[in-house]
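Working notes, structure below.
The values are calculated or read from the model by the stated rules, or taken from the named source; none is laboratory data. Quick caveat, the model's predicted, so the values are computed rather than measured. Cβ placement follows ideal geometry from the backbone for every residue including glycine, while neighbour counts extend to all protein chains displayed. Surface areas here come from the heavy atoms of the whole protein model, side chains and all, with no ligands, DNA or RNA. Shrake-Rupley method; radii C 1.70, N 1.55, O 1.52, S 1.80 Å.
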Amino acid sequence: MQWSSAQPPPPGTQPPAAYPYSAATAFTPVQVRQTFGQPYSAAPPASYPSPPVYGPLPTHPVATPLHTNPAAPLTVASPSTTQEPAKKKIDWPESVRNYVQRSFQTSNLDPSVTRAEMEAKLKETISYANDQGHMYTVNWEKMPLPQEMIKEERARARALQQTSHFSALSISPTSSKKRKSTDFSEGAAPPWRNGQNRLEDRITFNADKRPAPAEEAQSKTQSKFQKQLEKRQKRFDGGYKSAYREPTPPPSDGPVVGTCETLEKRYLRLTAPPVPSVVRPERVLRQTLELLKRKWKKEQNYSYICDQFKSMRQDLTVQRIKNEFTVEVYEIHARIALEKGDLGEYNQCQTQLKALYKMGIKGKSIEFKAYRILYFIHTANRTALNDVLADLTAAEKEEEAIKHALDVRSALALGNYHRFFRLYNDTPNMGAYLMDMFVGRERLAALCNICKAYKPDVPLRFVTEELYFESDADAAQFILDYQGRDLLEDRDGTVVFLTGKAKELFEGPRKAAFSRVDIKGQI
Amino acid sequence: MDSLIRTFSSAQTNREGYQLAQTLSPDLPQQQLQAIWNSCVHHDAQNVIKRGIQNSTSGFERLPKDEVQGWSDVYLAYWKAIGELLPALNQAPQSSWTKVYDAWKELLSALYRGYIGQGFEAWSIPCLYVVAKNLRIFALKADEERNNNVAAGDTSGQIFQDDFDPESEQHQKLEDCARQLNRIFTLCLNDRAPLEESRKWGIYYIINLLFKTYFKLNSASLSKNILKTLSAYRGDMPPLSAFPKSQQVTFKYYEGVLCFLEENYFQAEEHLTQAWSLCHKDAMKNKELILTYLVPCHLLTTHTLPSQRLLEPYPRLQKLFLPLSKCIKRGELHAFDLALLNGEDEFVKRRIYLTLERGRDIALRNLLRKVFLAGGFEEPKVEGGPRVRRTRIPVAEFVAAISLGSKKALEQDEVECVMANMIYKNLMKGYIARERGFVVLSKSGAFPGTGV
């Protein structure tokens with residue numbers, strides 16, 4: 001429907017229209033309006049170049065050439081220049097001329113309608129008829145005069161504004177203005193409209209009540225441009241439905257305020273603006289947190305807890321709550337995720353925490369900064385590591401957790417596995433869970449070193465201690481895992497690790513372990 | 001506007017790409033910009049420009065209608081952009097670099113359309129260079145301005161995710177610029193015209209701009225994509241050596257730095273050395289940049305240090321590298337650590353910290369070598385035979401040395417570990433006999449590469 005330009009255009013498109021009334025048109029007829037002194041405030045920015053100057057009986061060039069490229073606002077420039085050469089020759093039938101004369105007759109002039117408005121309306125009515133090819137078929141004798149049409153529009157617009165239908169649709173002010181201007185051109189009952197002038201038809205907010213069928217029923221000779229217009233609308237109504245659901249509260253309304261009182265809530269990914277009745281306000285969320293803490297201690301059911309925490313995070317986000325409570329929620333979830341080795345969730349929380357700390361909200365920023373360093377070591381992300389180093393202040397570098405993480409980093413950079421495992425033994429907070437992630441590959445690297453450097457053998461106990469295995473058995477198991485059966489020998493009661501025979505055995509696994517780090521798809 | 005059109009016509013007649021590009025530059029003195037802006041009235045600009053262009057070429061040189069339209073679009077967009085640029089330069093309250101950026105983007109789009117649909121010819125691609133280069137500059141300015149003005153408040157928009165979207169705003173315009181540049185890249189790449197008339201000649205310029213942008217955006221992965229695309233198309237393209245030297249140097253430099261950042265030191269060294277050799281002898285800043293990465297690279301690949309003579313013309317680099325080099329040569333671990341700490345900020349900024357850290361290995365090796373040398377010689381097995389150094393060295397000696405060198409006491413285990421590393425990295429040849437507490441070094445070449 002033509003008047004869909006009443007709605008704010010979906011992102012990325014211009015609502016194209018041949019019609020002078022829609023804002024931001026490919027034509028620049030709004031400027032034309034200005035020459036008639038129209039008081040429209042819905043004028044698009046007047047930065048377009050000169051409008052084609054129209055005489056009192058304007059010839060409207062056919063709209064079609066414009067709409068080959070509707071979505072590019074830049075084509076604005078070219079059409080207006082091509083309009084001038086493309087003027088059609090128009091034949092004015094006698095009846096039209098009479099109609100015009102009647103409109104201008106003083107006896108018919110209406111004081112409430114300015115001459116300028118009337119002229120504009122007249123021009124429009126005639127050019128529309130011309131475009132539609134109805135010039136000869138319209139009954140100009142019976143046609144209501146422009147001023148009557150205008151009065152009718154105004155009355156209707158006033159009536160409609162009072163209906164609650166409007167507020168339900170919550171249309172922004174500019175669009176209602178636009179609708180008024182579109183009302184204008186509708187006219188009292190132009191014959192070609194077949195009386196289907198209902199506002200409902202014109203508003204395409206109502207995604208269910210597609211205007212298209214109504215339209216198609218109407219005029220048999222729809223111009224190509226109109227068809228394209230509808231196609232475009234349909235495309236956007238369909239494709240953008242998820243973002244343009246009806247009724248859509250305009251973004252400027254602010255965050256949602258929740259009213260739900262239930263403590264627990266399952267997590268569901270959002271695809272539309274949230275409904276307040278299922279969003280929990282902060283005070284309820286605080287209670288939820290306490291409940292979840294207790295439940296976690298008691299039941300240790302990770303999937304349940306994760307689900308609940310995600311929904312809490314969601315509630316906090318849609319209500320734009322960013323305070324110490326938010327930080328607390330994220331921190332707890334991060335720690336739980338770490339404990340269970342869920343790097344994906346951990347990483348999400350970590351990203352949010354970083355932003356929150358940056359805003360200045362208090363929390364355990366040192367602890368989590370240390371985690372970040374360890375995480376980057378795990379993913380071998382040199383750029384990020386570099387950036388983190390750049391960010392650290394001298395004071396932070398003295399903090400225990402961060403110092404530890406930095407020491408881990410430098411130990412690994414130099415291949416000092418001895419120091420690395422000593423540090424692993426003594427990790428503050430929950431960093432050990434993070435280090436668990438890459439202890440395996442570091443052990444492989446250390447083994448390679450040991451195999452090359454120590455000849456002919458070392459006691460297994462050495463391996464256990466250096467590489468910080470829980471026991472000799474674990475160390476042996478590790479070696480066996482890599483087909484090291486032949487390297488273990490029992491000598492006088494102690495097990496010996498034959499480094500001399502190991503050769504390149506551990507090199508392959510070591511390379512493999514270092515080549516790909518699986519971050520479970522969540523940067 | 002007239003002077004622009006005159007230049008345009010002469011450029012068209014002579015097919016001078018660079019001259020044509022001058023007409024689209026925003027780097028004119030403010031008065032000139034003002035004059036251009038004033039020369040057209042708003043609603044008339046379109047026609048004035050179009051007429052001007054139509055009349056600018058005559059006779060055999062007359063431009064086809066498409067091209068006229070295309071060029072008038074371009075100049076119109078340029079004119080509008082100047083309209084935004086002037087208030088921004090004057091820092092008028094209503095101005096904003098964002099608007100300048102957007103207007104300039106329109107110019108780029110107009111130019112792009114010209115090449116795609118309206119038959120602009122390939123010799124005019126310097127226009128693309130100028131416009132693209134300035135797009136990037138405006139993007140940077142717009143971002144800076146936005147970041148300065150941004151309050152801690154929310155940005156608008158519904159949130160359909162579970163969490164906030166941190167830090168996506170910071171380089172918004174630059175990211176957009178990167179996308180635009182990518183379009184131009186594809187434009188140049190996909191030109192099927194024969195080589196003499198192809199847009200492919202613009203490719204390296206655009207690539208270099210893209211690299212600069214991606215580096216600023218800190219995304220090495222996107223840069224890698226470019227390299228991949230380039231190698232996929234390699235068959236069709238003229239070789240790098242056929243392009244202007246300036247483009248070659250820049251390209252090689254970026255390629256080298258990319259490899260460097262991925263710890264691919266051997267390749268990085270290759271690229272950087274090429275860049276180094278192609279570089280103009282007077283281009284001090286460029287050379288300095290290349291060296292900043294070449295020196296650490298060289299350090300790791302060949303374990304050699306920059307000579308005094310090399311670094312002499314570059315006081316900044318001297319300050320960076322010389323203290324470290326000295327400590328490495330002498331094997332002074334503690335001093336090395338200190339020097340690294342001192343220069344840390346600078347190194348981190350240039351992303352060479354992690355690489356230079358590895359220099360410690362070399363310092364260590366030098367230290368151990370000293371121990372070896374200090375151990376003296378063994379009695380020759382055969383009278384009059386060559387003297388061989390003592391190769392069985394008690395670990396305790398190393399322990400002492402390292403503790404002295406790093407000014408803290410290390411346990412034996414740790415020292416052993418350190419030496420295991422040396423051996424593994426081929427900085428030392430031998431093995432550790434743990435039970436006996438000895439390190440047995442190879443008789444011939446215990447410390448490869450040092451002549452011992």
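Here are the numbers:
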{"read-out": "Inter-residue pairs, beta-carbon under 7 Å, first within 16 Å of residue A:151 (Cα to Cα) and in region A:119-131, second modelled with pLDDT of 75 or more and open to solvent by 10 Å² or more (accessible area, probe 1.4 Å), 6+ apart", "value": "A:122/A:100"}
{"read-out": "Single condition residue B:233 does not satisfy, out of (1) within 14 Å of chain A (Cβ to nearest Cβ); (2) among the aromatic types (Phe, Trp, Tyr); (3) more than 15 Å from the chain's Cα centre (by Cα)", "value": "(1)"}
{"read-out": "Enumeration of residues in region B:16-35 that are polar (S, T, N, Q) and crowded, with 16+ Cβ neighbours inside 10 Å", "value": "B:19, B:22, B:23"}
{"read-out": "Number of the exception - residue A:296 against (1) within 13 Å of chain B (Cβ to nearest Cβ); (2) touching a helix residue (DSSP H, G or I) at 6+ places or on another chain (Cβ under 8 Å)", "value": "(1)"}
{"read-out": "Residue ID - most open to solvent (accessible area, probe 1.4 Å), chosen from residues in region B:294-327 that are assigned to a helix (DSSP H, G or I) and either of a type in the set (D, E, K, R) or within 14 Å of chain A (Cβ to nearest Cβ) (or both)", "value": "B:309"}
{"read-out": "Verdict on residue A:278 being surrounded by fewer than 18 Cβ atoms within 10 Å (Cβ to Cβ) and among the aliphatic types (A, V, I, L, M)", "value": "yes"}
{"read-out": "Qualifying residue in region B:288-300 (condition: among the polar types (S, T, N, Q) and at pLDDT 85 or above)", "value": "yes"}
{"read-out": "Options A:440, A:493, A:431: the member that is of a type in the set (Gly, Ala, Ser) and on the phi > 0 side of the Ramachandran plot", "value": "A:493"}
{"read-out": "Residues that are within 14 Å of chain A (Cβ to nearest Cβ), out of contact with any helix residue (DSSP H, G or I) (no Cβ under 6 Å at 6 or more places or on another chain) and surrounded by 20 or more Cβ atoms within 10 Å (Cβ to Cβ), drawn from region B:100-137", "value": "B:105"}
{"read-out": "In region A:374-404, residue surrounded by the fewest Cβ atoms within 10 Å (Cβ to Cβ) [restricted to those that are of a type in the set (Ser, Thr, Tyr) and more than 13 Å from every other protein chain (Cβ to nearest Cβ)]", "value": "A:379"}
{"read-out": "Answer residue from region A:341-365, given it is among the hydrophobic types (A, V, I, L, M, F, W, C) and assigned to a loop (DSSP other than H, G, I, E, B) and is most open to solvent (accessible area, probe 1.4 Å) among those", "value": "A:359"}
{"read-out": "1 or more residues open to solvent by less than 70 Å² (accessible area, probe 1.4 Å) and within 12 Å of chain B (Cβ to nearest Cβ): qualifying helices (runs of 4 or more DSSP H) within region A:406-521", "value": "A:417-425, A:431-453, A:460-466, A:499-502, A:507-515"}
